[in-house]
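Have a look at this one.
The values are calculated or read from the model by the stated rules, or taken from the named source; none is laboratory data. In this text the structure is predicted, and so the values were computed from the model without any measurement. Please note: Cβ atoms are built from the backbone with ideal geometry, for glycine as well, and neighbour counts cover all protein chains shown. These accessible areas exclude ligands, DNA and RNA; they are computed on the full protein's heavy atoms, side chains included. Shrake-Rupley method; radii C 1.70, N 1.55, O 1.52, S 1.80 Å.
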Amino acid sequence: MLKSKLFFILFLISIIVLFAQGNKSFSSIDFGVYGGINFYHTNEMRGDFLVEFKSNLFKSTNLQVSAGYIRSVQPYFSSVSKYSQNTIDTTPRFFATKYDIINKHYDIFPVSLGVQFIVFEGSLSPYISINAVYNFMNSFIETSPPKVWSYNSIDEIPDEFKEIPEVVELPTNSLGILFGIGATYNISGALNFDIRYMFKYDNKIINTHHFIMGIYF
């Protein structure tokens, strides 16, 4: 479902770019630096960093290309019980371990392509935007301190520790769509202030809310 939406967005952007080539487009390129926060729940906030290039396609429409770094956290609970065997001084020992998975953490490196539509232009210019995103990721889990019990034989281990533990999926990449709304304010000359809210819909990890601000020139 998300792949078809991404294909449609990229197709739409391609049509807009092809149409823009027949107009006075790409006559200027702006560079922006942004920082902010993202969250799945408001009590689990993490940071955003983004660099963006923006160029005019035609009147009131810009092409956006961006890359950055995002750290997100997803509250996630699962109890894990397992056992292992080790040899201590030539004597086999069996260990039962129990811990809880508390959160999933994601270090995300997004690359996005999209369009920005200016609602009206002035010293304060509101806009809406839509971007297709590919995410490179490093994912890991946060756990509680483990509890460990030692046994002399495997028969002494309680049955709950012999069950196959749940496999926690930790993706290394994903696809997403960013829906944004924001406004720019001209500070002076070519220097502008930009503030925006974005909702990121993702095909493998949590959907997140983003509030960022920055400057571009």
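Using a Gaussian network model of the chain whose springs link C-alpha atoms within less than 10 Å, name the residue from Y151, Y76, Y127 with the highest mean-square fluctuation.
Looking only at Y151, Y76, Y127, the biggest GNM fluctuation is shown by Y151.
Moving on to the next point. Over 22 Å between Cα atoms: which of K82/K204; K162/K204; K82/K147 fall into that group? Don't skip to the end; give the middle numbers.
Numbers: K82/K204 27 Å; K162/K204 30 Å; K82/K147 11 Å.
Those over the limit are K82/K204; K162/K204.
List the longest stretch of the chain that has no exposed loop site; here a site is one of the GluC sites (Glu not before Pro) assigned by DSSP to anything other than H, G, I, E or B, with at most 13 other Cβ within 10 Å.
On the way: sites that count: E121, E163, E166, E169.
By the stated rule (loop sites, at most 13 other Cβ atoms within 10 Å), 1-120.
Put +1 on the Cβ of each Lys and Arg and -1 on the Cβ of each Asp and Glu in the stretch 126-214; which of Y127, S150, P171 then has its Cα farthest toward the positive end of the dipole?
Going by the Cα projections, it comes out as Y127.
On a C-alpha basis, how far is the centre of the stretch 88-119 from the centre of the stretch 50-73 in Å? Whole number, if you could?
28 Å
Using a 1.4 angstrom probe, figure out how much accessible area the stretch 25-216 has per residue, in square angstrom, rounded to the nearest whole. All intermediate terms of the calculation are to be shown ahead of the outcome.
Numbers: 10210 Å² over 192 residues.
Normalised by residue count, the accessible surface of the stretch 25-216 is 53 Å².
Assigning unit charges at the beta carbon (Lys, Arg +1; Asp, Glu -1) and nothing else, what dipole magnitude in debye, to the nearest 20, does the stretch 67-202 show about its Cα centre?
360 debye
Sort K147, K54 from largest to smallest accessible area, using a 1.4 Å probe on the heavy atoms of the protein chains. Don't jump to the answer; show the numbers that get you there.
Working: K147 130, K54 15 Å².
Sorted by accessible area, descending: K147, K54.
Can you list the aspartates and glutamates whose alpha carbon sits under 19 Å from that of K54, skipping same-chain ones fewer than 8 residues off?
The qualifying aspartates and glutamates are D30, E121, D194.
If you roll a 1.4 Å probe over the chain with all protein chains in place, what percent of the accessible area is carbon or sulfur? Intermediate values should be presented prior to the final figure.
Working: 7720 of 12230 Å².
For the chain, the apolar C and S fraction of the accessible surface comes to 63 percent.
Hey, in the GNM for the chain with a 10 angstrom Cα cutoff, which one of I130, I157, I108 fluctuates hardest?
Greatest mean-square fluctuation among the candidates belongs to I157.
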